[in-house]
Amino acid sequence: MTTASVRRNGRRGMFYWQLAFTLLICLFMIVPVVMSVTAGLTENYFVGLSSGLTTRWLVEVWNLYAQSIWLSIYLALSCLGVTLVLGIPAAYGLLKSQKRWASLVEELLLMPVAVPGLATALALLLAYGGFRGFRSSWLFILVGHVLFTLPFMIRPVLAVMQSINVVKLEEAASSLGARPVQRFLSVVLPNCTSGILAGALMVLTLSVGEFNITWMLHTPLTKTLPVGLADSYASMRLEVGSAYTLIFLMMILPFLIVVQWLGQVMTRKASARVS
Amino acid sequence: MATNIVRNENSNRPATAPISLRLRHCGRTFPGTRGSHAPHVALQPLDLDVEPGETLVLLGPSGCGKTTTLRIISGLEQPDIGGQVWFGEEDVTQLPIEKRDVGMVFQNYALFPNMNVEANIAYGLRIRGLSPDDIRRRVGEMVDMVHLNGLERRPVHELSGGQKQRVALARALAVRPRVLLFDEPLAALDAKLRDRLRVDIGQLLRSLGITSVYVTHDQAEAMALGDRIAVMENGRIAQLGTPREIYHHPGSAFVADFIGSVNRLEIKGAEEGQLMVAGGRLSVARYHGASVLYCRPEDIEVCPVTQAAITGRVLQTFFLGQSQRLFVDTGAETPLQVESPSREQWLPGQTIGLSIAEEALFSIADAQ
Ligand SMILES: Nc1ncnc2c1ncn2[C@@H]1O[C@H](COP(=O)(O)OP(=O)(O)OP(=O)(O)O)[C@@H](O)[C@H]1O
Ligand SMILES: [Mg+2]
């Protein structure tokens, strides 16, 4: 055998090792999900698959928790709305501000991510828990979610604005006669879509899956998907909890795939433009 | 090309006469920012007059305040209290940029990435609410003017640097601005393209007759495009004049040095029409008693040593293509720079004779 072919064989052997290792890791992560999903579909988990498959648990979960599911969707969309309305102008403001405090604010934006959700929730309870109506409405949870997700909207939008040099574009637009609102709508927004989309994806997923803050802030009437999940795990049959997971996955996966795909298309477009 | 433009423009432009542009006492002090805390004087209060239809070039090294001046004219920056900007008879100091009717061309193009060539050029027209027919006609004219035919539908990211800058130029011209402002528009292009676009821009400016201010740190560009040049240094205007004046009669050592190269000849003594300098003596008819005289490298001639006014030893030669630059040691502090025809061969160490015509010598008021 020549040295070249030895090397080639060696390289191929290496490849198989890597493949096996990767598959093993994937298996390690996927098996629990599969087990959980099948548990939600079997008649009796302790007996096993031989007890037969059923959709009974799914129906039961839906009957019990439909409200939480709707609330979660509603909450995520509202959260997205609020972070869009607050986040884009905030990013824009940070970009334009030359002041020293602007960089400080940029650093502070990471704070809610580092502070445990429980602490944020506790602070909210201490500050606003006294307002009964507010405390028991879903708006209270919304505030928590917005606090938590806002940085994830601001950061990508700010990054895109910096990378395409929005300030210069605006100066060009203004020299051509565009007033501030006109140039924001015709130049700033359309050129930031990739960042906005990336931010939106983060906000939606974080809001739908958020547990810590929500668990502290929720009332029996304002239960979101993850809180309901914890609830069902704690108090119901294992099959019900698993069926719940299944529903959760069915809801969130298609949605994630669509948004991810959109994001990729947009970034490809944007990077083609920049180069 | 130039004549075409004139005809096109005149046929459908209401005869708006070009306006003058005046800065009065315009300074700019920046407060401390993220990096440093002390206020920074970017521009000392200055007066500047640009005649109607004239192209004024602001020339100077990095950080001397060229961009700041341009931004004050455009309205992107406000002068310090007391400064005034006049467009013709109108005081525009308080007007925001979008009301000033200026066209701007930036170094990095600043084209809108979300629009194609056509839409970029049409942007200002749409903002002004022109009818679709008018917009189409005007965009067509502009595309012809800057030779972008066939590229109208291209997304701007598919254009070369030169094409991008043409789009930017067309976009700025489309709205028929009162004042045209350029901030180093060619700095990002390679040398060949820069030369071509410089010629095109020069022709456009002459034929359109728009009052223009052109910022650059490239002296060749300044000479070629400027009706007058303002050489700036440390936030003030060091000298203002035609390219010829600036080149042949620089007002300060800084200007002399910034525009081309210059030789410094220290006068050690004078006797009967002759000035003693390092390496020899210069014969002059008139002598005003200056202690230092200057001359340009291309004004020094190489001649046989026996007829030479100055002799020296060749230190180094740089071949430039159309000529060569010799560094000649005459015993002075710095070697003399001499421009000589490129076919002559000189070797380091060789002794060389030089002569300088009297009219090529000049003195500078502020020289120490
Ligand atoms: N927004 C700002 N804040 C603080 N300082 C500034 C600001 N803009 C400009 N300066 C300072 O003012 C001075 C003049 O800047 P300016 O941009 O006018 O220079 P320039 O002549 O255009 O230089 P260049 O050739 O590098 O573009 C510089 O020292 C610069 O650091
Ligand atoms: Mg500049």
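Observations
- Comparison of B:318, B:362 shows that the only residue that is open to solvent by 80 Å² or more (accessible area, probe 1.4 Å) and either at pLDDT 90 or above or touching a helix residue (DSSP H, G or I) at 6+ places or on another chain (Cβ under 9 Å) (or both) is B:318.
- As for the range A:161-172, it holds no residue that is more than 30 Å from residue B:102 (Cα to Cα) and either in contact (Cβ under 8 Å) with a residue 60 or more places away in the chain or open to solvent by less than 10 Å² (accessible area, probe 1.4 Å) (or both).
- Long-range neighbours under 6 Å by Cβ, at least six apart or interchain, first residue within 11 Å of chain A (Cβ to nearest Cβ) within the range B:147-159, second of a type in the set (Lys, Arg): B:157/A:273
- Of all residues in the range A:174-188, those being more than 7 Å from chain B (Cβ to nearest Cβ) and open to solvent by less than 20 Å² (accessible area, probe 1.4 Å) number 1.
- Candidates are the residues of the range A:147-191 that are in a helix (DSSP H, G or I) and of a type in the set (D, E, K, R); the one that is farthest from residue B:129 (Cα to Cα) is A:155.
- Number of the exception - residue B:21 against (1) within 16 Å of ligand 2 (Cβ to nearest atom); (2) within 21 Å of residue A:175 (Cα to Cα); (3) away from chain A (no Cβ under 14 Å): (1)
- Residue that is open to solvent by 50 Å² or more (accessible area, probe 1.4 Å) and farther than 30 Å from residue B:31 by Cβ, where the choices are A:123, A:119: A:123
- Residue within the range B:1-19 that is among the small types (Gly, Ala, Ser), in contact with a Gly (Cβ under 8 Å, 6 or more places away or on another chain) and at pLDDT below 95 present: no
- Those residues of the range B:166-194 which are within 14 Å of chain A (Cβ to nearest Cβ), within 16 Å of ligand 2 (Cβ to nearest atom) and not small (Gly, Ala, Ser), in sequence order: B:181, B:182, B:183, B:184, B:185
- Scanning the range A:59-68 finds no residues that are in a loop (DSSP other than H, G, I, E, B) and either in contact with a strand residue (DSSP E or B) (Cβ under 9 Å, 6 or more places away or on another chain) or surrounded by fewer than 17 Cβ atoms within 10 Å (Cβ to Cβ) (or both).
- Residues considered: A:242, A:232, A:207, A:194. Of these, the only one that is in a helix (DSSP H, G or I), within 14 Å of chain B (Cβ to nearest Cβ) and either in contact (Cβ under 8 Å) with a residue 60 or more places away in the chain or under 30 Å from residue B:176 (Cα atoms) (or both) is A:194.
- When residues in the range B:165-191 are screened for being in contact with a Lys or Arg (Cβ under 7 Å, 6 or more places away or on another chain), open to solvent by less than 20 Å² (accessible area, probe 1.4 Å) and either away from ligand 1 (no atom under 16 Å from the Cβ) or among the aromatic types (Phe, Trp, Tyr) (or both), 2 of them pass.
- Residue match in the range A:128-138 (condition: hydrophobic (A, V, I, L, M, F, W, C), away from chain B (no Cβ under 14 Å) and more than 27 Å from the chain's Cα centre (by Cα)): yes
- Residue list for the range B:205-228, restricted to those being in a strand (DSSP E or B) and more than 16 Å from ligand 2 (Cβ to nearest atom): B:211, B:212, B:228
- Qualifying residue in the range B:37-60 (condition: within 12 Å of ligand 2 (Cβ to nearest atom), among the polar types (S, T, N, Q) and either closer than 22 Å to residue B:221 by Cα or assigned by TED's automatic domain parsing to the domain that holds residue B:209 (or both)): no
- The one condition from (1) within 16 Å of ligand 1 (Cβ to nearest atom); (2) assigned to a loop (DSSP other than H, G, I, E, B); (3) aliphatic (A, V, I, L, M) that residue B:81 does not meet is (1).
- Filtering the range B:119-146 to residues that are within 14 Å of chain A (Cβ to nearest Cβ), charged (D, E, K, R) and without any contact (Cβ under 8 Å) to a residue 40 or more places away in the chain leaves B:126, B:138.
- So residue B:64, is it surrounded by 21 or more Cβ atoms within 10 Å (Cβ to Cβ) and part of a loop (DSSP other than H, G, I, E, B): yes
- Scanning the range B:79-96 for residues that are open to solvent by 10 Å² or more (accessible area, probe 1.4 Å) and within 14 Å of chain A (Cβ to nearest Cβ) yields a total of 2.
- Checking residue B:350 against (1) in contact with an Asp or Glu (Cβ under 8 Å, 6 or more places away or on another chain); (2) open to solvent by 50 Å² or more (accessible area, probe 1.4 Å), the condition it does not meet: (1)
- Odd one out for residue A:155, checked against (1) within 14 Å of chain B (Cβ to nearest Cβ); (2) open to solvent by 40 Å² or more (accessible area, probe 1.4 Å): (1)
- Taken over the range B:248-297, the residue count meeting the criterion of being part of a strand (DSSP E or B), surrounded by fewer than 15 Cβ atoms within 10 Å (Cβ to Cβ) and in contact with a helix residue (DSSP H, G or I) (Cβ under 8 Å, 6 or more places away or on another chain) is 1.
- Top-ranked residue of the range B:329-347 - restricted to ones that are under 30 Å from the mean Cα position of the chain (by Cα) and not in a loop (DSSP other than H, G, I, E, B), ranked as surrounded by the fewest Cβ atoms within 10 Å (Cβ to Cβ): B:341
- Scanning the range B:67-78 for residues that are within 16 Å of ligand 2 (Cβ to nearest atom) and open to solvent by 10 Å² or more (accessible area, probe 1.4 Å) yields B:67, B:68, B:71, B:76, B:77.
- Check on residue A:43, away from chain B (no Cβ under 14 Å) and touching a Ser or Thr at 6+ places or on another chain (Cβ under 9 Å): yes
- Only one of the numbered conditions (1) polar (S, T, N, Q); (2) open to solvent by 10 Å² or more (accessible area, probe 1.4 Å); (3) more than 8 Å from chain B (Cβ to nearest Cβ) is not met by residue A:214, and that is (2).
- Test result for residue B:109, away from ligand 2 (no atom under 16 Å from the Cβ), aromatic (Phe, Trp, Tyr) and either at pLDDT below 95 or surrounded by 15 or more Cβ atoms within 10 Å (Cβ to Cβ) (or both): no
- Residue A:200 satisfies every condition listed in (1) away from chain B (no Cβ under 13 Å); (2) open to solvent by 50 Å² or more (accessible area, probe 1.4 Å) except (2).
The values are calculated or read from the model by the stated rules, or taken from the named source; none is laboratory data. Here the structure is a predicted model, which means the values were calculated and not measured. Cβ sites come from the backbone with ideal geometry, for glycine too, and all protein chains shown count toward neighbours. All accessible areas refer to the heavy atoms of the entire protein, side chains included, with ligands and DNA or RNA removed. Shrake-Rupley method; radii C 1.70, N 1.55, O 1.52, S 1.80 Å.
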